[in-house]
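Here's the structure we're looking at; comments come further down.
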Amino acid sequence: MSCRILAGLTLILMFVRCQAKPEFAPTPTLPPSLGPTATLFPWISERGGQTFLKSRLGKCLFRSPLPVIYPATSGKLRELAEVNGVWVGTSVAANPLLRKNEYSTAVARDFNLIVPEVGLKFEIVHPEPDRYDFCQMDTILAFAEANGMRVRGHPLVWEQQLPPWVRELSLSQEQWKALLQDHVSRLVTRYRGEIEEWDVVNELFKEEGTLKETIWYENVGPEYIELALRWAHDADPNARLFINEFATENLNSKSNALYALAQDLLARGVPLHGIGFQMHLTESNPPNPAQVADNFRRFGELGLEVQITELDVRILKPVTPENLAHQAEIYQALMEVCLSAPNCDTFVMWGVSDRNSWINYVHEEWGSPLILDEAYAPKPAYWALVETLQP
Ligand code: G3I
């Protein structure tokens with residue numbers, strides 16, 4: 001290649017890099033939906049000091065293919081889940097999936113569904129008014145595709161992990177609506193056909209069953225729930241849309257309120273397809289399996305799917321073999337409830353192994369919440385699930 005051609009190419013590359021902008025560039029003081037959205041070079045993005053080339057649709061294209069682990073390495077749990085037509089899932093972080101390591105191997109070996117643990121949180125995916133960043137979610141999707149896994153979208157609307165710019169906004173109600181609509185629509189539209197189910201609204205009730213006064217409730221109004229479901233449906237009419245809540249597995253004030261809300265939304269033709277039961281549980285106070293079954297049944301009678309979406313069972317330290325055996329019984333009982341409910345086929349745990357759980361930094365006196373231990377080895381709870389899925 002002649003020097004002249006090389007110099008020309010270098011100049012073009014320098015120009016492209018200088019022009020490279022985040023994906024959307026609306027006027028910073030306005031919510032993104034109120035500003036222009038096109039950029040000159042949407043196919044280049046910078047992340048962690050690396051330049052990612054993006055496809056025409058703006059997806060991240062990685063320099064090397066993501067590791068393909070399954071089916072060459074497959075564990076009993078995933079094998080049996082597939083035999084039974086059950087989805088056994090885990091929440092994941094994006095970065096460790098980029099390479100083959102203990103973490104990515106355990107993810108693909110033992111689970112057939114993944115959920116971004118933080119990759120779609122507002123602060124990550126929409127860090128500035130004029131910038132969306134989909135690289136974490138794209139990594140997770142690419143890994144799922146390479147290893148034959150389903151993906152849940154989580155969450156579209158939540159009050160936590162919001163970036164400071166959202167908390168600092170001073171807008172009219174119409175502008176708040178426009179901001180939330182933009183956020184919901186962009187996420188769902190981008191992954192149309194790839195993410196088939198979404199936690200549209202996450203954690204909306206107080207313990208006694210009234211709606212939380214979240215930033216969205218205060219600024220958009222209580223109708224933010226219905227609006228978010230409608231916007232998500234407009235963006236992907238084939239996606240299944242969920243409300244995801246914690247401490248609603250038993251029959252109690254909160255699950256009664258959730259049931260009443262679901263009934264009301266359905267009666268008014270709002271697109272709602274299922275309820276996610278998070279189930280962040282303690283080994284010392286597990287739910288009542290008969291009540292969980294009744295609860296699942298009543299939502300089923302409304303025509304709704306139910307999913308266990310964030311299961312973990314934390315144990316008060318020091319953890320003993322007896323605690324672990326009891327924890328295994330709790331996991332097993334919940335899998336049995338799900339298997340016997342005609343409207344439940346999805347059983348997701350919140351974290352890959354005890355090494356990765358959020359419990360480690362939020363509830364420090366508690367530990368050992370998951371089915372793989374700190375070395376990614378199966379615990380009694382893992383074998384209890386295997387036993388339950390055995391034909
Ligand atoms: O990665 C950054 C790190 O670079 C930085 O140094 C550090 C400083 O605080 O923060 C790290 O990010 C943290 C992230 O977890 C890492 O995984 C965030 O601060 C922290 O807020 C974030 O917490 C997550 C939390 O949701 C809030 O989004 C937890 O991992 C995640 O397990 C938790 O998940 C929620 C579900 O979405 C909804 N249900 C309850 C569940 C547990 O709280």
- Tell me, 255, 284 in order of fewest to most beta-carbon neighbours within 10 Å? 284, 255
- Would you please classify the overall shape of segment 58-389 from the alpha carbon gyration tensor, given that a ≥ b ≥ c denote the square roots of the eigenvalues, rounded means a/c under 1.5, and beyond that prolate means a/b larger than b/c while oblate covers the rest? oblate
- Message: Net charge around residue 338, counting only other residues with Cβ within less than 13 Å of its Cβ (Lys, Arg = +1; Asp, Glu = -1)?
- Response: -3
- For residue 175 paired with residue 206, estimate the spin-label separation in nm (one decimal), with each label point 7 Å from Cα along the Cα-to-Cβ line. 2.9 nm
- Query: Rounded to the nearest 0.05, what FRET efficiency is calculated for residue 99 and residue 192 with R0 set to 30 Å and r the Cβ-Cβ distance?
  - Reply: 0.55
- Go ahead and collect, in residue order, the members of segment 347-391 whose backbone nitrogen is under 12 Å from a label point 7 Å along the Cα-Cβ direction of residue 339. 384-391
- Label points 7 Å out from Cα along the Cβ direction at residue 364 and residue 329: separation in nm? 3.2 nm
- Message: Can you work out the Karplus-derived ³J(HN,Hα) for every residue in segment 126-132? Use 6.51 cos²θ - 1.76 cosθ + 1.60 with θ = phi - 60°, whole Hz, and x for glycine or proline.
- Response: 9, x, 9, x, 9, 9, 9
- Note on the structure: The alpha-carbon center of segment 108-161 and that of segment 342-391 are separated, in whole Å, by 20 Å
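Keeping to pairs on different chains or 8 or more places apart, tell me how many lysine pairs in segment 58-389 have Cα atoms under 19 Å apart.
Values: 59/121; 76/379; 121/177; 121/212; 177/212; 206/254; 212/254; 317/379.
Taking the Cα cut-off of 19 Å, the pair count is 8.
In which sequence would 172, 253 go, from the one with the fewest C-beta neighbours within 10 Å to the one with the most? Write out the running numbers ahead of the final one.
On the way: 172 9, 253 15.
By the 10 Å Cβ count, ascending: 172, 253.
Bear in mind these aren't lab numbers, they're just calculated from the coordinates by the rules spelled out. What you are looking at is a predicted structure, and each value in this text was computed from that prediction instead of being measured. Glycine also receives a Cβ, built like all others from the backbone with ideal geometry; neighbour counts cover every protein chain displayed.
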